[in-house]
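Quick notes on the structure that follows.
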Amino acid sequence: MRLHPPVLPVLATYGNLSVTENLRSRLIMTPEERARQQIDLLLQQSGWIVQDRSQINLAAGPGVAIREARLKAGEADYLLFAHGKAIATVEAKPEGHTLTGVEGQSGKYARGLLDIYPSWADPLTFAYESTGSETRFSNRLDPNHSSRGVFAFHQPQTLIEWATQAAQLNQRLREMPPLITGHLWQAQIEAVQNLENSLAEHRPRALIQMATGSGKTFTAVNFVYRLIKHAGAPHPFSSGSW
């Protein structure tokens, strides 16, 4: 019987790199390198141009992410620039690393910006921690801010809009005018008020549970109206971001 040497099939090619070669390269990468490769991709999908610090060109686009940017003490894994000014940091961790305790490290980076960098705020307002498969975000303009999970990095223009607002959404939610209750049932009043309190306290995951026929649709319409009218939330059919 004739024996053939094992052959690893090439499934497809992209430029000079086959899928098999790409898989092989990922197998020999460290967890940190794999995380950064995925973070690069996520940033690019959100409109950020990723650059090495040796090839900085802040005019390359509205959003530029610099890898391993130098700070007064150490380096930021990524330093994000929007319209040429520093606006956020990204702390990269290997997949599986717990991110909830990393926020303090991001805070140190926010206060260590070099004087040569123009910035939207000093210290920086926004910070991300990411493993490539999980990403957390904090906005230091929020009252009692804390990091929260997000599905993707925000686009450069979204961060600029938040950085230039007189008050953040959470603050505006705390300053909502009293609910007009004359046209609402008691269950609807409680639902709207409790939901607004939940959002104002930075607890965005909320569930309204009401009985059949108790006016859930009318309750939702009233709440959405107040959110857009008084809190300045983006219209659901606009291009704005929460």
Next item on the list: Could you identify the single residue in Thr164, Thr217 that is of a type outside the set (A, V, I, L, M), loosely packed, with under 11 Cβ neighbours inside 10 Å and either within 23 Å of the chain's Cα centre (by Cα) or in the same structural domain as Val64 (by TED's automatic domain parsing) (or both)?
Entry: Thr164
Check: Quick check: is even one residue across segment 134-148 among the acidic types (Asp, Glu), closer than 18 Å to Leu43 by Cβ and out of contact with any strand residue (DSSP E or B) (no Cβ under 9 Å at 6 or more places or on another chain)?
Finding: no
Next item on the list: Look through Ser133, Ser138 and report the one residue that is surrounded by fewer than 16 Cβ atoms within 10 Å (Cβ to Cβ) and assigned by TED's automatic domain parsing to the domain that holds Glu33.
Entry: Ser133
Notebook entry, point to check: So is Ala88 at pLDDT 90 or above and not in a helix (DSSP H, G or I) or not?
Noted result: yes
Check: Just one of Ser138, Ser133, Ser146 is hydroxyl-bearing (Ser, Thr, Tyr), under 30 Å from Tyr225 (Cα atoms) and assigned to a loop (DSSP other than H, G, I, E, B); which is it?
Finding: Ser146
Next item on the list: Sort out which residues of segment 39-55 are part of a helix (DSSP H, G or I), under 16 Å from the mean Cα position of the chain (by Cα) and surrounded by fewer than 17 Cβ atoms within 10 Å (Cβ to Cβ), and write them in order of number.
Entry: Leu41, Gln44, Gln45
Notebook entry, point to check: How many residues, within segment 191-221, are among the small types (Gly, Ala, Ser) and assigned to a helix (DSSP H, G or I)?
Noted result: 4
Checklist line | Residue identified as in a helix (DSSP H, G or I), polar (S, T, N, Q) and more than 17 Å from the chain's Cα centre (by Cα) among Gln157, Gln188 | finding: Gln188
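The values are calculated or read from the model by the stated rules, or taken from the named source; none is laboratory data. Computed from a predicted structure; not experimentally measured. Reconstructed Cβ throughout: ideal geometry from the backbone, glycine too, with neighbour counts over all protein chains shown.
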